[in-house]
1. Would you mind checking the tilt of helix 95-107 against the longest principal axis of the Cα atoms of the chain, expressed as 0 to 90 degrees and rounded to 10?
2. Would any residue of segment 3-24 have its amide N under 19 Å from a label point 7 Å out along Cα→Cβ of R50? List them or say none.
3. Karplus couplings for segment 356-363 from phi (6.51 cos²θ - 1.76 cosθ + 1.60, θ = phi - 60°), rounded to Hz, Gly and Pro as x?
4. Can you give me the relative contact order of segment 191-356 as a percent, contacts being Cα pairs under 8 Å and 6 or more apart?
5. Along the Cα→Cβ direction, 7 angstrom out, place labels at D214 and K29. What is the inter-label distance in nm?
6. Counting other C-beta atoms within 10 Å, which of H217, H89 has the fewest, and how do the rest follow?
7. What fraction of the DSSP beta bridges in the chain is antiparallel, stated in percent and rounded to the nearest 5?
8. Taking only Cα atoms, what is the 0 to 90° angle, nearest 10, from helix 73-83's long axis to the longest principal axis of the chain?
Amino acid sequence: MKIALFTDTFEDGYGGITVYVRNLANYLKREGHFVKIFVWESQNLTEEDRKICVTFPNINVVKSVRGKAGFSTRKILKEISKFSPDLIHNHSQYSMGLQAIIVSKIMGIPIINHYHMYLEGGLNHFPYIFQKTPELTDAIIKKESKFFFTQCDLAITPTKVMGEHLKKIGVKNKIINIPFGIDLNKFKKEERYRPKKFTLLYVGRLNKEKNIEDLIHIFTKFAKDKDVILKIIGDGAEKEKLEILSNTLKTKEKIQFLGWVKRKDLSKEYNSANMFMTLSEMETFGIVILEAMACGLPILGANALAIPELVTNNKNGFLVNKTDEIKILDSLQLIYENKNMEAEFSLNSILIAKKFEEKKVFQKLEKVYSDLIQ
């Protein structure tokens, strides 16, 4: 099969969507399919990336998340004609995604739209006027999402809850739930990296909607009179603010900001922690959560959107309300004091993660491709 993947960015270390598209492209190539990535130009693309990417000029419209936009339909049509794909698999809900839809209609190519981003949860990235009118903005976002996911032959969601969300906003197209997958040979438990100090870990973008400020405030209370560490891996618009907050709360020596870590080194970092922690309430799946589980970490996560589809309360972690400080502190204390509970949750995380083995997941997607093309 010849598959055209449309996405806003292919930069390594950008986020979950990039990880998914990279893994998918690599899998399809290994299986003998022909793949091209249609993406906005970026100086951060490597020589190896450029062998598979077809890039187009753009402007940076949302600097906080490196959000790019452009309109190169004629050039994209020209490149699509050269490649002549059997199928378009679109991973963008912005201008690149819009052009994927236009191209599919003009050339009669089947298109899949993949629902990756819960835009309603990222209001802080919208222009100020939209932030001042949240109800109106929420309605506009829902109309935009409904449009995108009715202009395709098939919609794919990574979790059941996101499929239900699309139905709720009026999408009547066929919707299939296919979760993200991970390479269990790369992400696995390794005792040699076990931490000497009790260590909590967060991995992801450092943006407002991830609620890392709340996480730091809670950690500060938990860490009082304890020899513990919080490692924060990632980068984003809030990084400097969060570092200043850490200094203000006098927890600088207990909170480590590690920046972006290369994917090949992430498994070591997961294994160097006792528990993964996130209070984000806008996860449509949570690849980093799954990676942490595969490495045997108990999870403390917000009881919101897709996280409960990975984390079962009191089985492989704790589901909490981000405002329920007492429950969060009690949950951290339980893992801190109880090695048997940590070991039990660790084993359960690994067993759950095995259901998301990358090859099994992508084989389902291959079957969807084949059926749609036929």
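Coordinate-derived values only; no laboratory data. Since we're looking at a predicted model, the values are computed, not measured. When we count neighbours, we look across all protein chains shown, and the Cβ atoms used for this are built from the backbone with ideal geometry, even at glycine.
1. Around 30 degrees separate the two axes.
2. Only 9-13 pass the distance filter.
3. So the J values, rounded to whole Hz, are 10, 4, 3, 4, 4, 5, 6, 5.
4. Numbers: 278 pairs, mean separation 37.8, N = 166.
Dividing the mean separation by the residue count of segment 191-356 yields 23 percent.
5. In this crude label model, D214 to K29 measures out at 4.0 nm.
6. Numbers: H217 14, H89 28.
Listing H217, H89 from fewest to most nearby Cβ atoms yields H217, H89.
7. Details: 3 of 46 bridges.
Roughly 5 percent of the beta bridges in the chain run antiparallel, per DSSP.
8. Result, in degrees: 80.
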